[in-house]
Amino acid sequence: MPLDPHLRDKIIASVERGFDEQIDFTRTLIRFPSTRGAEHTVQDFVFRALADRGYAMDRFEMDRQAIESHPGSSPWSSEHSTAPIVVGIHRPREEKGRSLILQAHVDVVPTGPVEMWSHAPFDPVIEGDWLYGRGGADMKVGHAANIFAMDALRRIGLQPAATVYIQSVVEEESTGNGALMTHLRGYKADAVLIPEPEDEKLVRANVGVLWFQVEVRGHPVHVREMGAGANAIDAAYRVIGALRDLEADWNERKKGRPNFENEAHPINLNVGKIEGGDWASSVPCWCRLDCRIAIYPGTPAEKAAREIRERIAAFARSDAYFANNPPQVTFNGFHAEGYELAPGSEAETVLAAAHQSATGSPLESFMTAGYLDTRVYALYDKIPALCYGPISQNIHGFDERASISSIKRITTAMALSIAEWCGVEPV
């Protein structure tokens, strides 16, 4: 049933009353430089924040063997985070409503050169309507919104009349194995909501993602005899050209895919890192490329990986140097498949009504070409997996920032949605 208008107004006012505290909490989260592998202290902070609110707590390590045995896992490398997963559990006095997972990740991407930021990346500065900071938009504002949407109900003496899991994970920016671990731990609900920075829209379709490395070997000589050697860095650029051809072919396959065929370039290949050589006056004998590419929902990750290997092998056979020195391909991170959210679920209907109340506008949906943890719940729990969050700019770039007024609107929508989806009971 739709929320009683009087209750709706009380929840909206409660979000407003707690909003300054919410922004302060968000700024504290941003101050933790929680890049990959360095998330332990922020997870300790989250654990204490949830425990202080009276939630039943679970903190656990990722089980590498369990993860690697699951078809939705990504390769475990030496860079894989060992930070724990934290879950706060709300249990009602009487289970009357529908259960819910609220999830967020605490890991953030590297800052790049700090001198290219207007403010220090982990110094959460407010200017006008914008809150700046690495990982603020992606996704510590959403992390705080999960907690404070629940707080808004408690502030007026209410709590969800169903189980709610508030999950704080890592590895979202690298493998997706953190969210997968919550699935393997046994956490499951009737729906999931992940407030990633999605410009106040609902994600209707989401690509899968593959990470891979290509290593090229050359033949080192002194630069005075350069013509007698083989420059691995120069050769790596020819491999990139072959990968760009693959990217173009995959973009052509958008035809007949309703959520993708009207997008100009749904499949993006990113050569995100290149390193090689040992000495400026020696022809480099090695070069390694770190790449990321998207795949369409319904495409098995292993099938896409096989096509990448085959395409590089075919190119190598046609190249005078690579025919005898083929590049080596290693998959070292995301090995995750995409998903599409079927319209018409009750969970979406509830969120759409809450969004309308919070913003005054209908809820729009769209395709996003980045990885989302929502794929775990869509593909393996097969529940409505809603990804919806605030307006932001420059995520993964310099001067990452989130709109403060939008944070308030989406927190309001979330609180209203929780109340209607789960039902409410007195605290």
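Computed over the chain, relative contact order equals 26 percent, with contacts defined as Cα pairs under 8 Å that lie 6+ residues apart.
Taking Cβ atoms as reference points and 9 Å as the exclusive limit, the residues near Trp76 contribute a net charge of 0, counting Lys and Arg as +1 and Asp and Glu as -1. Computed as a quarter of the hull surface, the mean projected area of the alpha carbon convex hull for the range 91-222 stands at 13.7 nm². Each Lys or Arg adds one and each Asp or Glu takes one away; over the other residues whose Cβ falls under 12 Å from the Cβ of Asn394, this sums to -1.
Is the range 1-142 best put as rounded, prolate or oblate by its Cα gyration tensor, with a ≥ b ≥ c the root eigenvalues, rounded for a/c under 1.5, and otherwise prolate when a/b is larger than b/c, oblate when not? Cα axes put the range 1-142 in the oblate bin. Please state the shape class of the range 30-75: rounded when a/c is under 1.5, otherwise prolate if a/b exceeds b/c and oblate if not, all from the C-alpha gyration tensor. Oblate, since a/c reaches 1.5 and b/c is not below a/b.
The alpha-carbon of Lys303 sits under 21 angstrom from the alpha-carbons of these lysines, leaving out residues fewer than 8 places away in its chain: Lys254, Lys255. With the convex hull drawn over the C-alpha atoms of the range 257-325, the volume per residue is 136 Å³.
Quick one: check the C-alpha center-to-center distance for the range 121-165 versus the range 261-314, whole angstrom. Between the Cα centres of the range 121-165 and the range 261-314 lies a distance of 36 Å. Find out how many positive minus negative residues lie around Ile166, taking Lys and Arg as positive, Asp and Glu as negative, among other residues whose Cβ is under 15 Å from that of Ile166. Charge balance near Ile166 sits at +4. Label-to-label distance for Asp245 and Arg91 is 6.1 nm, based on points extended 7 Å past Cα in the beta-carbon direction. Once a ≥ b ≥ c are taken as the square roots of the eigenvalues of the Cα gyration tensor of the range 42-122, is the result rounded (a/c under 1.5), prolate (a/b larger than b/c) or oblate (a/b not larger than b/c)? Cα axes put the range 42-122 in the oblate bin.
Express the carbon and sulfur contribution to the solvent-accessible surface of the chain as a percent, rounded to the nearest whole number, probe 1.4 angstrom. With neighbouring chains kept in place, the figure for the chain is 50 percent.
Annotation: peptides 371-379, 274-282, ranked by per-residue average of other Cβ atoms within 10 Å with the highest first, follow the order 371-379, 274-282. The alpha carbon radius of gyration of the chain, expressed as a multiple of 2.2 N^0.38 Å, is 1.06. Using a Förster distance of 51 Å, how high is the FRET efficiency between Ile156 and Lys303, based on the Cβ-Cβ distance and rounded to 0.05? The formula returns an efficiency of 0.50 here. Here is the tail figure for the range 385-424: Cα pairs spaced more than 11 Å apart come to 68 percent of all pairs. Ranked by the mean number of other Cβ atoms within 10 Å per residue, highest first, peptides 45-57, 178-190 order as 178-190, 45-57. Using the Stokes-Einstein relation with a Kirkwood hydrodynamic radius computed over Cα pairs, the translational diffusion coefficient of the range 217-361 at 37 °C and a viscosity of 0.692 mPa s comes to 179 µm²/s. With the whole protein complex present, Arg253 retains an accessible surface near 110 Å², based on a 1.4 Å probe.
The values are calculated or read from the model by the stated rules, or taken from the named source; none is laboratory data. Since the model is a prediction, treat every value here as computed from it, not as a measurement. Backbone-built Cβ (ideal geometry, glycine too); neighbour counts: all protein chains shown. Just so you know, the surface numbers come from the protein's heavy atoms only, side chains and all, with ligands and any DNA or RNA stripped out. Shrake-Rupley method; radii C 1.70, N 1.55, O 1.52, S 1.80 Å.
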